[in-house]
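Enquirer: Once you've had a glance at the structure underneath, I'll fire off some questions.
Nothing in this text is a laboratory measurement; each read-out follows from the coordinates by a stated rule. Note that the structure is predicted; figures quoted are calculated from it, not measured. Here the Cβ positions follow ideal geometry from the backbone for every residue, glycine too, while neighbour counts run over all protein chains shown.
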Amino acid sequence: MQKIRIYQAIGQETNVRNELQKLIQQFPNEPMFWAVLAEVNLLTGREQEAHENYQKILSLDPENPMALAMIADFLHRDGRFLEAQEKYRKVVALDASRWPVWEALLLCNLVLLDSIGLLRDAEAALELFPEQPLVYYMLGTAYNLKKDYIMAMQYLEQAVSLAQSNKRLLLMTFGSLGDIYHHLGNHKKSDENFRNALEIDPNDDIVLNNFAYFLSLRREHLDEAEEMARAVVQRNPNNPTFLDTFAWVLYKQGKYEQAKAIMEMALQNGGDTEAVLLEHYGDILWKTGEKERALEYWKKAQALGSSDVSEFLNKKIETQTLIEN
């Protein structure tokens, strides 16, 4: 092994491989040599060969945490988050001391929108890594997914206090706090957190979209909301959620024909499967005088059985008239 390390140090990859192959031929059931070969393959960009090396290690030692973690990383990079989540959970059960593995597991949970798994794993990670701001962000996100906004707010505020040097995490946390304070009815704090996020990145599309949408719901700062929503749509012309926000801001401004045109683009780009967009389109149609079509789209929204629609949807259909705040 010392000879191999010397060859590695002076960049003689061919000699490294030759020496490793000799050792593997002599000791084919020794996981350490396969692990060194996997490391060499990773360093030289041969990911598939490294993946096969780690599979070999697992065939020799099924509970090897290093090999399991590397296989999980491959699955994660390949977008196979459910399989990666399973492997990461095995790793932390065998060796809970490695923060990068916990971080990857939490990210898998988040991508999968697994609020139960995210909460469970984040609570376990908090016991081991109470200094990591990402743990508090993930706990806040888990409670946000469960619509427990008080708990979400408390954990996210802790994340802010710990993440002062991590601008990306601060951006995400301020954006989430903007959403949560809106749901809690604290619009001053909501706006403050959205603006804090935009100081970090003035072009973050999710923050701009959410801030604009919440302003439109309150009918406040509509010119600013239009500017933000328009900028997002210019960068994302086929995103139905962003188009819906832009249309809704225009609707709240009384620009009904413009709102109708934008909302039709949202529906044409996949928004016709989202109840809240169908309801919004119905409201816009009512304002443009197309009342029969408005009723048709309200019924389409109702038929999807989503909880995202307004509290007035059923009443609109019963009374066949527009009802708004």
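Enquirer: Any of LYS188/LYS299; LYS146/LYS188; LYS189/LYS299; LYS167/LYS252 with alpha carbons more than 31 Å apart? Name them for me. Spell out each step's value before the answer.
Expert: Values: LYS188/LYS299 35 Å; LYS146/LYS188 23 Å; LYS189/LYS299 36 Å; LYS167/LYS252 34 Å.
In this structure, LYS188/LYS299; LYS189/LYS299; LYS167/LYS252 lie more than 31 Å apart at Cα.
Enquirer: Here is a further query. So which residue, out of ASP78, ASP223, ASP283, gets the largest mean-square fluctuation from a GNM of the chain using Cα contacts under 10 Å as springs?
Expert: Of ASP78, ASP223, ASP283, the Gaussian network model singles out ASP78 as fluctuating most.
Enquirer: How high is the relative contact order of the chain, in percent, with contacts defined as C-alpha pairs under 8 Å that are six or more residues apart? The partial results should precede the final answer.
Expert: Values: 403 pairs, mean separation 19.0, N = 325.
Rounded, it is 6 percent for the chain.
Enquirer: Relative to 2.2 N^0.38 Å, what does the C-alpha radius of gyration of the chain come to as a ratio? Two decimals please.
Expert: Rounded to two decimals, the normalised Rg is 1.32.
Enquirer: Starting from the Cα-Cα distance between THR273 and ASN203, subtract it from 0.36 nm times their residue separation and give me the gain in nm to one decimal.
Expert: Working: separation 70, 0.36 × 70 = 25.20 nm, distance 2.79 nm.
Value of the extension gain: 22.4 nm.
Enquirer: Quick one: VAL91, VAL40, fewest Cβ neighbours within 10 Å first, how do they rank? Walk me through the numbers before you get to the answer.
Expert: Numbers: VAL91 24, VAL40 20.
Ordered by Cβ neighbours within 10 Å, fewest first: VAL40, VAL91.
Enquirer: Going through segment 83-180, which trypsin sites (Lys or Arg not before Pro) have at most 12 other Cβ atoms within 10 Å and a DSSP loop state? Before the final figure, lay out the partial values.
Expert: Numbers: sites: LYS87, ARG89, LYS90, ARG98, ARG120, LYS146, LYS147, LYS167, ARG168; in loops: ARG98, LYS146, LYS147.
Of the trypsin sites (Lys or Arg not before Pro), the ones in loops of segment 83-180 whose Cβ has at most 12 other Cβ atoms within 10 Å are LYS147.
Enquirer: If one computes the Cα centroid of segment 56-91 and of segment 197-240, what distance in Å separates the two points?
Expert: The distance from the Cα centre of segment 56-91 to that of segment 197-240 comes to 39 Å.
Enquirer: Can you tell which of VAL249, MET32, ASN239 lies farthest toward the positive end of the dipole of the chain, using +1 and -1 charges on the Cβ of basic and acidic side chains (Lys, Arg; Asp, Glu)?
Expert: Among VAL249, MET32, ASN239, the one farthest towards the positive end of the dipole of the chain is MET32.
Enquirer: Could you give the size of the charge dipole of the chain about its Cα centre, using +1 on the Cβ of each K and R and -1 on the Cβ of each D and E, expressed in debye and rounded to the nearest 20?
Expert: On the way: 34 positive and 48 negative charges, 31 e Å.
In total the dipole reaches around 140 debye.
Enquirer: Same structure, new question: Any idea what the relative contact order of segment 225-325 is, in percent, if you count C-alpha pairs under 8 Å spaced at least 6 apart? Kindly include the intermediate steps, with their values, before the conclusion.
Expert: Details: 128 pairs, mean separation 19.3, N = 101.
The value is 19 percent.
Enquirer: Going by how many other Cβ atoms sit within 10 Å of their own, how do GLU199, GLU49 line up, fewest first? Present the calculation step by step, with values, prior to reporting the outcome.
Expert: On the way: GLU199 11, GLU49 14.
With the sparsest Cβ surroundings first, the list reads GLU199, GLU49.
Enquirer: What's the FRET efficiency of GLN21 with ARG195 using the Cβ-Cβ distance as r and R₀ = 45 Å, to the nearest 0.05? It would help to have the intermediate numbers written out before the result.
Expert: Details: r = 60 Å, r/R0 = 1.33.
Once rounded, the FRET efficiency stands at 0.15.
Enquirer: What's the magnitude of the charge dipole for segment 113-202 around its Cα centre, counting Lys and Arg as +1 and Asp and Glu as -1 at the beta-carbon? Answer in Debye, nearest 20. Before the final figure, lay out each step's value.
Expert: Values: 8 positive and 12 negative charges, 40 e Å.
Result for segment 113-202 is approximately 200 debye, rounded to the nearest 20.
Enquirer: Please list 3J(HN,Hα) in residue order for segment 314-325, calculated via the Karplus relation 6.51 cos²θ - 1.76 cosθ + 1.60 where θ = phi - 60°; whole Hz, with x for glycine and proline.
Expert: For segment 314-325, the Karplus-derived couplings read 4, 5, 4, 5, 4, 8, 6, 8, 6, 10, 9, 5 Hz, x marking Gly and Pro.
Enquirer: If packing is taken as the average number of other Cβ atoms within 10 Å across a peptide's residues, how do 190-198, 241-249, 124-132 rank, most packed first?
Expert: Values: 190-198: 20.4, 241-249: 26.4, 124-132: 14.4.
My ranking of the peptides, most packed first, is 241-249, 190-198, 124-132.
Enquirer: About the Cα centre, and with charges only on the beta carbon of Lys, Arg (+1) and Asp, Glu (-1), how big is the dipole of segment 175-325? Nearest 20 debye, please. The partial results should precede the final answer.
Expert: Details: 17 positive and 26 negative charges, 78 e Å.
Charge dipole of segment 175-325: 380 debye, to the nearest 20.
Enquirer: If you wrap segment 144-227's Cα atoms in a convex hull and average its projection over all directions, what's the area in nm²?
Expert: Average of the hull's projected areas for segment 144-227 equals 5.2 nm².
Enquirer: Can you work out the Karplus-derived ³J(HN,Hα) for every residue in segment 104-109? Use 6.51 cos²θ - 1.76 cosθ + 1.60 with θ = phi - 60°, whole Hz, and x for glycine or proline.
Expert: Values, residue by residue: 5, 5, 4, 5, 4, 4 Hz.
Enquirer: Give the order of TRP286, TRP298 when sorted by the count of other beta carbons within 10 angstrom, beginning with the fewest.
Expert: Numbers: TRP286 22, TRP298 27.
Result, fewest neighbours first: TRP286, TRP298.
Enquirer: Using a basic spin-label model with each label point 7 Å from the Cα along Cα→Cβ, how many nm lie between ILE323 and GLN55?
Expert: 6.0 nm
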